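The values are calculated or read from the model by the stated rules, or taken from the named source; none is laboratory data. On a predicted model such as this, the values are computed, not experimentally measured, just so you know. Counting neighbours? That spans all protein chains shown, and the Cβs are built from the backbone with ideal geometry, glycine included.
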Amino acid sequence: MLAFGVVCALLEARNSGRGQVVDVSMTGGAALLMSMIYGMRANGRWPANRAGNILDGSAYFYTCYRTADDEWMAVGAIEPEFRLQLLQLLGLGEHADSIMAAPNDDIAVRARLVQIFRSRTRAEWQQVFDGTDACVTPVLRIDEVMTHAQNRVERNFALLGGAIHPNAAPKFSRTPAPSPGNELVLDGGLKLKDWGLEASEVE
């Protein structure tokens, strides 16, 4: 919110020639993140009881399922066309109409999906769902996240001082930021001198 506010104030200042205070808060940011939920509550789609709403894990098509190797798959097939593809890839295509007509939190439907997901490993399910629009992805352990193909392509993690750190940032076509390297940590003194600090300040 602060970054957005500063950019807005800078754009306004180009027209007015005047600066201003940008006032933001974490509570305001948290409230803004709830916009969709309050919208759903206003039209009766979020009754606000715990474990009784579409996005809190109670819906069979928006939750996580344990696999045969005790890993997990995340399912987020909210839209009907994605849900239909989910059911077809699970081998439930012929029952899709009745399943989709059932309540979102139908216990029998969930039990069926639990049983199906437990029949294969996470890697096997990933092969089934990769490249589809069924909205099913593996739940990665923290030590697996940085090796995920998309994170590698986007360079969302970097090795700094022998440790992995997030490196996610906007990518600019005309003014790309340099990729961080180990020299930032391993040869910090040299880098600090490059930034204009005197040797005594570096020490």
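Given the residues 39, 5, 52, 44, which is the only one that is touching a residue at least 40 places away in the same chain (Cβ under 8 Å), outside the structural domain of residue 89 (by TED's automatic domain parsing) and over 20 Å from the mean Cα position of the chain (by Cα)?
52
Looking only at region 13-52, which residues are under 23 Å from residue 104 (Cβ atoms), part of a loop (DSSP other than H, G, I, E, B) and either in contact with a strand residue (DSSP E or B) (Cβ under 7 Å, 6 or more places away or on another chain) or small (Gly, Ala, Ser) (or both)?
Scanning region 13-52 gives 44, 48, 51, 52.
Between residues in region 95-121 that are assigned to a loop (DSSP other than H, G, I, E, B) and residues that are basic (Lys, Arg), which pairs lie under 9 Å by C-beta distance while being six or more apart or on different chains?
Every condition considered, the pairs that remain are 118/66.
Would you check if residue 101 is of a type in the set (A, V, I, L, M, F, W, C) and within 19 Å of residue 58 (Cβ to Cβ)?
In short, yes.
So, in region 152-194, exactly how many residues are of a type in the set (D, E, K, R), part of a helix (DSSP H, G or I) and at pLDDT 80 or above?
So the count comes out to 2.
Report, by residue number, each residue of region 39-66 that is surrounded by 17 or more Cβ atoms within 10 Å (Cβ to Cβ), modelled with pLDDT of 95 or more and in contact with a Phe, Trp or Tyr (Cβ under 6 Å, 6 or more places away or on another chain).
65
Identify, please: which residue in region 67-103 is over 23 Å from the mean Cα position of the chain (by Cα) and among the polar types (S, T, N, Q) and is, among those, surrounded by the fewest Cβ atoms within 10 Å (Cβ to Cβ)?
By that ranking, first place goes to 98.
Filter region 157-177 down to the residues that are of a type in the set (S, T, N, Q) and within 23 Å of residue 145 (Cα to Cα) and list them by number.
167
Exactly one of these conditions fails for residue 113: (1) crowded, with 17+ Cβ neighbours inside 10 Å; (2) within 20 Å of residue 148 (Cα to Cα). Give me its number.
Of (1) crowded, with 17+ Cβ neighbours inside 10 Å; (2) within 20 Å of residue 148 (Cα to Cα), only one is false for residue 113: (2).
Name the single residue that is nearest to residue 138 (Cα to Cα) among those in region 55-70 being of a type in the set (D, E, K, R) and in the same structural domain as residue 123 (by TED's automatic domain parsing).
Selected residue: 66.
Could you check how many residues of region 122-144 are assigned to a helix (DSSP H, G or I), in contact with a helix residue (DSSP H, G or I) (Cβ under 6 Å, 6 or more places away or on another chain) and buried (at least 17 other Cβ atoms within 10 Å of the Cβ)?
0
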